[in-house]
Amino acid sequence: MAAEGPLQPDAAAAEIGVAAEIGVAAKEIGVAAEIGVAAAEIGVTGMTCAACVGRVERALRKVPGVLDVGVNLATERATIHYRAGETGPPHLKAAIRRAGYGVLAVPMGTLRVDAEREARERDRRLLLRSLGFAAVFAVPLLLVSMLPMMGQSMHQGFMDVLPMNVWNWVMLALATPVQFGPGLRFYRTGMKALLSGSPDMNTLVMMGTSAAYFYSLLATCAPGLLPAGTAHVYFEASGVVITLILLGKYFEALARGRTSEAMKKLLQLSPRTARVARGGTEEELPVDEVLPGDLISVRPGEKVPVDGVVRSGQSFVDESMITGEAIPVKKGQGAKVVGGTLNTTGAFAFEATAVGEATVLAQIIRLVETAQGSKPPIQGLADRVVAVFTPVVLGIAGVTFLSWMLAKGTGGLSLALVNTVAVLIIACPCAMGLATPTSIMVGTGKAAEMGVLFRSGSALQGLEKIEVVVLDKTGTLTQGRPRLTDLVDLPGQGEAGRGEAERNEAGPGAGIAGTGEKREMLRLVAGAEDRSEHPVARAIVAAAREAGLTVPAAADFESAPGLGISALVEGRRVQVGADRYLSGFGLDLSPFAAEAARLGDEGKTPLYAAIDGRLAAILAVSDPIKDGTPTALSALRHLGLRLIMVTGDNRRTAAALAKRLGLFEVLSEVLPAGKAEAVRRLQEEGRKVAFISDGINDAPALAQADVGLAVGTGTDVAVETADVILMSGDLRQAQRAILLSRATLRNIRQNLFWAFAYNLVLIPVAAGALYPLSGWLLSPMLAGAAMGLSSVFVLSNALRLRRVRIS
């Protein structure tokens with residue numbers, strides 16, 4: 001398929017979505033997709049500012065077959081979606097190199113994150129060496145150039161030592177090693193960017209320092225070529241400015257390292273070895289050699305190496321770095337354990353079920369990396385400004401030079417030069433490029449420490465704007481583990497076939513097993529429900545087994561999601577479900593009207609059972625409210641959010657539960673597909689809606705909501721349709737996610753304000769706007785220091801998110 005140029009954003013997104021669905025479907029049926037979209041993540045080296053980001057993105061978009069590109073300055077990574085049949089990583093890497101940037105090489109057997117960390121550390125050491133070299137010459141250069149200006153006596157003292165023209169040669173000797181030593185980095189990248197028509201920060205520094213250096217060189221070597229009175233030198237505006245910019249870049253590198261602290265902590269969680277039982281002996285193996293099915297032993301104080309299921313022993317495991325919850329969790333036979341968590345007290349052996357990239361920790365790291373590398377919508381403003389910023393600055397610099405020459409004539413050449421250099425130096429868009437991605441990096445990392453996973457920067461931004469929160473009941477407000485509490489049968493339907501209707505409240509087990517009639521009824525209903533994965537079905541099957549009953553096999557099974565099921569059990573047609581499901585078969589449910597009302601008022605969910613087309617029994621299940629639910633709802637209300645509960649329960653049951661929770665808006669008897677429609681209706685009112693669910697049967701609603709939040713269990717990470725995953729299953733994490741979203745977006749706005757305000761205010765000052773009023777001009781040295789400080793300020797402000805306290 002021939003490329004017809006880059007797709008528009010909406011079209012590209014649509015094609016990515018469709019192709020991704022094709023790929024998923026192909027994977028599920030075990031064949032390769034001929035047509036599809038592939039994604040590549042490539043480490044990019046040499047980027048220094050937002051203009052570099054735009055240049056790399058433009059170069060990649062020109063590659064035939066590329067659909068979408070996102071380049072992140074903070075993570076130094078490009079994420080590309082492309083048509084798999086038209087291009088691939090070799091072409092993408094070549095495009096990056098043609099644009100003048102390097103590609104991070106990842107050696108075989110090395111994790112990409114490790115390679116990136118090593119590359120950053122290598123760059124930091126190189127930067128430190130360059131800074132040290134430059135400082136050796138720049139400090140005396142600064143003293144020689146500035147001390148004579150401290151007063152007449154100081155000036156005379158210098159002249160008594162050496163004449164001025166000799167001091168000029170001294171300053172030339174000090175500035176040259178800096179200009180063509182550490183300063184070469186700006187020439188290499190800046191010249192490529194200029195020749196390609198995409199000038200960047202390096203171009204501005206190159207042009208500014210070169211103008212100051214070569215003008216001063218001319219004034220030193222051939223002063224007669226310059227107009228009378230203009231043969232001044234400004235070597236400090238080249239050598240000292242380069243040193244100050246390197247100092248700012250070094251501080252920036254240190255701060256960037258701290259922005260990824262949360263990712264470092266996650267990477268350090270996984271132990272390097274595991275104690276594996278093989279061939280009758282126990283041996284210590286590298287964790288990447290562990291296979292699914294291996295039996296692994298863990299002693300007190302050791303980390304769990306991979307995911308698995310406990311087979312013997314018991315202990316308490318600290319899962320705080322996965323779920324954000326500090327209290328250790330008891331683990332016994334059959335319990336799931338997660339790689340990277342810490343065993344505290346006892347010893348146990350577990351069977352490995354997921355290793356390598358399939359572990360929960362690997363999935364978390366992948367999600368955090370994806371979120372950190374993505375661009376939220378708010379970044380669009382900065383991108384649009386940066387696209388035209390550097391050319392505009394070059395224009396302003398030209399106007400500054402001409403204005404001073406026109407105002408002062410040939411005698412104003414020195415002033416024109418100094419102010420033009422100051423404009424070029426101070427206008428670097430570094431802070432603009434770092435304003436958003438650094439806050440996203442720190443915010444998503446902080447969230448991961450709290451057990452909250454954002455899939456993208458868009459999800460982080462979207463959550464801040466939420467006005468309405470729709471909460472699914474089962475598994476979100478409640479524990480999601482219903483128990484069968486009641487079974488009331490009509491006479492003549494069970495094996496006994498005799499007796500009057502009996503009520504049972506004793507719960508599963510011995511109580512329900514009290515009569516032969518009830519035992520037979522429960523056995524048949526459990527047989528029908530055994531084919532269903534719904535929590536209510538599992539509760540009924542569990543009750544039958546606890547009662548010592550053998551659950552029969554079912555045939556001809558049919559399920560109506562959110563309503564009920566029908567199956568053939570031992571030759572008898574069994575139908576179980578909500579009132580509206582049984583009524584649809586023409587059954588009269590009035591014999592149980594009073595019982596259904598009582599159960600509903602008690603907050604239990606009534607279900608009806610029919611056998612061979614005749615109403616046979618009413619059952620009830622109860623799902624306990626989670627311990628943290630009332631506190632979480634109160635906290636969400638205090639955030640000014642409108643809360644709505646949605647459930648498939650009947651009105652009476654839903655109202656009873658809502659009353660206990662203090663909820664005033666309830667949508668009851670809603671089918672799974674109807675939940676998405678309920679969200680859509682709220683959105684049509686102009687509301688920003690979040691939907692919170694445990695993810696079971698709620699994919700349409702999670703996808704429809706502006707932000708979908710899935711309540712996880714500490715091991716269930718891959719809820720594909722959710723934008724945010726709450727790992728601990730505690731609804732209080734929803735409040736933490738919203739508060740963190742608000743704090744992060746507030747931080748981004750502060751950064752963007754500083755980045756834009758800095759340039760809006762200081763570029764006119766550098767051009768000499770204050771000179772007519774006060775006679776004050778901005779020194780290029782101060783411009784260089786201010787430029788470096790602007791980036792450090794943005795990074796330091798982003799790092800404040802690490803200290804945000806969210807209860």
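Quick rundown of the values:
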quantity: Dipole of the chain [Lys/Arg +1, Asp/Glu -1 at C-beta], most positive-end residue of LEU141, ALA431, THR209; calculated: LEU141
quantity: Using alpha carbons only: equivalent-ellipsoid semi-axes of the stretch 406-474, gyration tensor based, whole Å; calculated: 52, 14, 6
quantity: Using a Förster distance of 45 Å, the FRET efficiency for ALA597-GLU685 (Cβ separation, nearest 0.05); calculated: 0.85
quantity: Amide H partners (placed H, <5 Å) of SER312, local residues excluded; calculated: ALA349
quantity: Cβ-placed point charges (K, R +1; D, E -1), dipole of the stretch 650-807 about Cα centre in debye, nearest 20; calculated: 660 debye
quantity: Compactness of the stretch 301-356 as Cα Rg over 2.2 N^0.38 Å, two decimals; calculated: 0.99
quantity: Carbon/sulfur fraction of accessible area - the chain, other protein chains in place, 1.4 Å, %; calculated: 58 percent
quantity: Gyration tensor (alpha-carbon) shape descriptor, the stretch 283-376, a/c threshold 1.5; calculated: oblate
quantity: Accessible area per residue, Å², the chain with all protein chains present, probe 1.4 Å; calculated: 43 Å²
quantity: Whether the stretch 548-614 is rounded, prolate or oblate, judged on the alpha carbon gyration tensor where a/c under 1.5 counts as rounded; calculated: prolate
quantity: Extension gain from ARG275 to ARG545, taking 0.36 nm per residue of separation minus the Cα-Cα distance; calculated: 93.5 nm
quantity: In degrees, nearest ten, helix 732-767 long axis to first principal axis of the chain (Cα); calculated: 20 degrees
quantity: Cα pair distances in the stretch 337-422, grouped into 10 Å bins until the bin that holds the longest one, percent each; calculated: 14, 19, 14, 13, 12, 11, 10, 6, 2
quantity: Selection from ILE296, VAL368, PHE316, by position along the positive dipole direction of the stretch 285-376 (Cβ); calculated: PHE316
quantity: The chain: equivalent-ellipsoid semi-axes (sqrt of 5 x gyration tensor eigenvalues, Cα, Å); calculated: 68, 27, 23
quantity: Long pairs among LYS192/LYS446; LYS249/LYS375; LYS336/LYS626, criterion Cα-Cα beyond 28 Å; calculated: LYS192/LYS446
quantity: Dipole of the chain [Lys/Arg +1, Asp/Glu -1 at C-beta], most positive-end residue of ALA277, LEU752, GLY132; calculated: GLY132
quantity: Computed over the stretch 357-487, Kirkwood Rh from alpha-carbon pairs, angstrom; calculated: 19.6 Å
quantity: Full-stretch length increase - VAL136, HIS638 - with 0.36 nm per residue and alpha-carbon distance subtracted; calculated: 174.9 nm
quantity: Between helix 780-799 and the chain: long-axis angle, C-alpha atoms, 0 to 90°, nearest 10; calculated: 10 degrees
quantity: Dimensionless Rg ratio for the stretch 762-807, taking C-alpha atoms and the 2.2 N^0.38 Å reference; calculated: 1.75
quantity: Compactness of the stretch 715-786 - radius of gyration and Dmax, Cα, Å; calculated: 22.8, 67
quantity: Gyration tensor over alpha-carbon atoms, the stretch 364-403, equivalent ellipsoid semi-axes in Å; calculated: 38, 9, 5
quantity: Estimated dipole of the stretch 582-700 in Debye, rounded to 20 [Cβ of Lys and Arg +1, of Asp and Glu -1, Cα centre]; calculated: 440 debye
quantity: With Cα atoms, 0 to 90° folded angle of helix 164-179 axis to the chain main axis; calculated: 30 degrees
quantity: Contour minus Cα-Cα distance for GLU86 and VAL170 (0.36 nm per residue); calculated: 24.4 nm
quantity: Gyration tensor verdict on the stretch 632-713 (Cα atoms; rounded if a/c is under 1.5, prolate if a/b is larger than b/c, oblate otherwise); calculated: rounded
quantity: From phi via Karplus (6.51, -1.76, 1.60), per-residue ³J(HN,Hα) for the stretch 448-464 in Hz, x at Gly/Pro; calculated: 4, 4, 8, x, 10, 10, 9, 6, 7, x, 5, 5, 4, 6, x, 5, 5
quantity: Cα pair distances exceeding 18 angstrom across the stretch 518-567, given as percent; calculated: 21 percent
quantity: The chain: calculated mean residue ellipticity at 222 nm from DSSP helix runs of at least 4, using -39500 (n - 2.57); calculated: -16000 deg cm²/dmol
quantity: Simple Cβ-charge dipole of the stretch 269-382, Lys/Arg +1 and Asp/Glu -1, about Cα centre, in debye nearest 20; calculated: 240 debye
quantity: Rounded to the nearest 10 Å², the accessible area of GLU357 at probe 1.4 Å; calculated: 120 Å²
quantity: PHE585 accessible area, assembled protein chains, probe 1.4 Å, Å²; calculated: 100 Å²
quantity: In nm, spacing of pseudo-spin labels at ARG122 and GLN314 (7 Å Cα→C-beta vector); calculated: 5.2 nm
quantity: Area projected by the alpha carbon convex hull of the stretch 550-668, averaged over all directions, nm²; calculated: 8.9 nm²
quantity: Bins of 5 Å, starting at 0 and running to the largest distance - Cα pair percent for the stretch 652-807; calculated: 2, 8, 11, 12, 13, 11, 8, 7, 6, 6, 6, 4, 3, 2, 1, 0
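The values are calculated or read from the model by the stated rules, or taken from the named source; none is laboratory data. Computed from a prediction, not measured in an experiment: that's the story for all the values here. Cβ sites come from the backbone with ideal geometry, for glycine too, and all protein chains shown count toward neighbours. All accessible areas refer to the heavy atoms of the entire protein, side chains included, with ligands and DNA or RNA removed. Shrake-Rupley method; radii C 1.70, N 1.55, O 1.52, S 1.80 Å.
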